[in-house]
1. So for the range 165-179 (the condition being farther than 18 Å from F116 by Cβ, of a type in the set (A, V, I, L, M, F, W, C) and modelled with pLDDT of 90 or more), does at least one residue qualify?
2. Could you tell me which residue of the range 77-111 is surrounded by the fewest Cβ atoms within 10 Å (Cβ to Cβ), considering only residues that are touching a His at 6+ places or on another chain (Cβ under 8 Å) and in a loop (DSSP other than H, G, I, E, B)?
3. If a residue has to be closer than 15 Å to A244 by Cα and part of a helix (DSSP H, G or I) to count, how many in the range 192-202 make the cut?
4. How many of the residues in the range 89-116 are more than 17 Å from A62 (Cβ to Cβ) and of a type outside the set (S, T, N, Q)?
5. Limited to the range 165-196, what total is found for residues that are in contact with a Leu (Cβ under 7 Å, 6 or more places away or on another chain) and closer than 19 Å to V96 by Cα?
6. What are the residues in the range 162-191 that are assigned to a helix (DSSP H, G or I), under 18 Å from A243 (Cα atoms) and of a type outside the set (A, V, I, L, M), if any?
7. Can you tell me how many residues within the range 108-128 are out of contact with any helix residue (DSSP H, G or I) (no Cβ under 7 Å at 6 or more places or on another chain) and modelled with pLDDT under 95?
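The values are calculated or read from the model by the stated rules, or taken from the named source; none is laboratory data. Values in this document were obtained by computation on a predicted structure and should not be read as measured data. Because the Cβ atoms are built from the backbone with ideal geometry, glycine has one as well, and the counts that use them run over all protein chains shown.
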Amino acid sequence: MLHTPAACPLGRRSFVGYLAGLLACPSASVAGNPTAYPTEVAGIRLPVTPLCMKSYELCRSAAPAFLVNHSLRTYVFGALYVSHEGQRFDAETAFVAAMLHDIGLLKEFSTPQTPFEIDGANRAESLVRESGGAPVEANKVWQAIALHDMRAIISQHQSPEATLVAAGAGADVGGPEENIVSAATVRSVVAALPRLQFKERFIALLTDHCVRKPGAQRATWLEGFCRVHSTVPASATEQAILAAPFDE
């Protein structure tokens, strides 16, 4: 249903040009309606509130299509995980956090030295406050984004919304646990929200971030990746993305 633009041409070019080709893919849109997203995927209802729409539009207007779809899949996979654990969560808060959890990787939202998780959390918190959201909701959004790639035990000791974003992002990057999300459900999610060469393009986005801000990710999930990616040797992070059980 969402975002299936043709692949960006790569051709023969330098590595910098190669990254530029991957990252210059068009922003996401739905045929006939550039601001719509599915209201239900794999039995999970996606909330449609003014704040949810604002978070989607903020992401859609700045991010390439593959990252928009990753953010939507993060919500769906995360909701499946949290529901499996019998936890209740605020759908709006979780959706906003899932939608914006990676926007700190984009130049538009990047500061010179701050980790991308904090850049994204700060912008998302501002959006909630600008939209009249309660301080407690803004704080939950900030926490969920800032902690989404920390060890699972950390997000699990925060809110269900933080657990949702961490579990959902982890499932989409590394592959979901089969005892929680069946293969048929994964196929349903990917059919509704295509991956759009996610592995290759996400690695390129991370590399671009690390080249621009080589010291910003100290003591984070991305530190090892950034240490080796002034060129493109394989790293544990890259290998984990490429080994995920998806075709792209």
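1. yes
2. S110
3. 5
4. The qualifying residues number 8.
5. 2
6. G168, G170, D172, G174, R187
7. The total comes to 4.
The rows are residues; the columns are (1) closer than 19 Å to A171 by Cβ; (2) under 19 Å from the mean Cα position of the chain (by Cα); (3) modelled with pLDDT of 90 or more.
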position: F202; (1), (2), (3): yes, yes, yes
position: L206; (1), (2), (3): yes, yes, yes
position: H209; (1), (2), (3): no, yes, yes
position: G215; (1), (2), (3): no, no, no
position: G224; (1), (2), (3): no, no, no
position: R227; (1), (2), (3): no, no, no
position: T237; (1), (2), (3): yes, yes, no
